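The values are calculated or read from the model by the stated rules, or taken from the named source; none is laboratory data. For clarity, every value in this text was computed on a predicted model and none was experimentally measured. Because the Cβ atoms are built from the backbone with ideal geometry, glycine has one as well, and the counts that use them run over all protein chains shown. Calculation scope for accessible area: heavy atoms of the full protein, side chains included, ligands and nucleic acids excluded. Shrake-Rupley method; radii C 1.70, N 1.55, O 1.52, S 1.80 Å.
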Amino acid sequence: MKNFIRIAIIGAFMVAFSGCASFNLGPSIKPLKEKKLMGKGSDKVLLLDIQGIISNRDQRAFTGFPIKKGMVETVREILMKAEEDDNIKALLLRINSPGGTVTSSDIIYHEIMSYKKRKKIKVYVSIVDVAASGGYYIAMSGDTLMAHPTSLTGSIGVIAVKVNVSGLMQKIGIGWEVVKSGDKKDFLSPLRALTAEEKVLFQQTIDNFHKRFVATIVKNRSDLNLETVRKLADGRIYNSDQALEAKLIDAIGYLDDTVKLIGKETNIKDPKVITYHRPGEYKSNLYSSLPNSPNINLLNIDLGLNLDRASPHFMYLWMP
């Protein structure tokens, strides 16, 4: 540990007193490169992963250096690179996500819809473990949705959790003073409870986001009308058989089945399935998603000191 501190101090002096020296305690983010996963044809299918919590929060090392870009930024970067390749004939979304923030889910949905409109290609969705809430919202950009036999989807709804620590603060003898321009300026503060009027305002925001979710499903699922979607959108989760019966998905099958369907509908005999990855990531086949290196990044430590997490976030998120 002493050696690490000594190196950090030396590095700081190098940065401060040299016009050309740099000192990076974290790994750099390298540009995307194309990787073939299967197939030998010239026509390509781009595999795009939507994996984990949907947000645009960068992953950073303990030193503060970014080690992974946020999901929204990454998706946009991938689609911009794909736009330059006219051999890409279809987009395959592999979704494994319980959802995330309302805004990040909506931006990714918008980016995919814009890309397929500009390129005039179809988007196919393969649901792996789960595509719930924001994951299902993004899936609405797909022309065909196929779920694995054991997948879960649905959880159509919005949730926001507001922490109230006022009771705890009183017990340990800590007080606070707030100076504000209006009586509702701090109505989402964790330092006090909501008033009855503020609860109504909070609920109105939730309801508006929920209406947007429902409208997005109605717009993209031609077999479902507004009344039906409202009944389905009570927050419950559906297994693959239930989702197929409710017409929330189009078919049940594995990722290989989705690739075969793409080949059949696009008349591509042997589609070359590709993905974009950064050097050091392991991408050898359709199901690859784990890092190539077994090394543990000791600088990538989250101490939970981000005060932003005390603020409420409106989420398209399944929270079982």
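Work through the residues other than LEU226 whose Cβ is under 12 Å from its Cβ and net out their charges, Lys, Arg +1 and Asp, Glu -1. Taking every other residue near LEU226 into account, the sum is +4. Exceedance of the 28 Å cut-off in Cα-Cα distance is limited, within the set LYS116/LYS269; LYS247/LYS272; LYS116/LYS231; LYS69/LYS211; LYS33/LYS89; LYS35/LYS211, to LYS247/LYS272; LYS116/LYS231; LYS69/LYS211; LYS35/LYS211.
When each of the peptides 117-127, 216-226 is scored by how many other beta carbons lie within 10 Å of its residues on average, the order from highest to lowest is 117-127, 216-226. Length gained on full extension, ASP270 to LYS231, computed as 0.36 nm times the residue gap minus the Cα-Cα distance: 9.9 nm. A simple charge model with +1 on the Cβ of Lys and Arg, -1 on the Cβ of Asp and Glu and nothing else charged puts the dipole of region 80-121 at about 200 debye relative to its Cα centre. On the basis of the beta-carbon distance and an R0 of 30 Å, ASP207 and LYS247 show a calculated FRET efficiency of 0.80. Given R₀ = 51 Å, FRET efficiency for LYS36-ALA196 by Cβ-Cβ distance, to 0.05? The formula returns an efficiency of 0.30 here. Taken along the Cα-to-beta-carbon direction at a fixed 7 Å, the label points for HIS110 and ASN87 span 3.3 nm. For region 189-266, with all protein chains in place and a probe radius of 1.4 Å, 50% of the accessible heavy-atom surface sits on carbon or sulfur. Peptides 77-90, 198-211, ordered by how many other C-beta atoms sit within 10 Å of their residues on average, highest first, read 77-90, 198-211.
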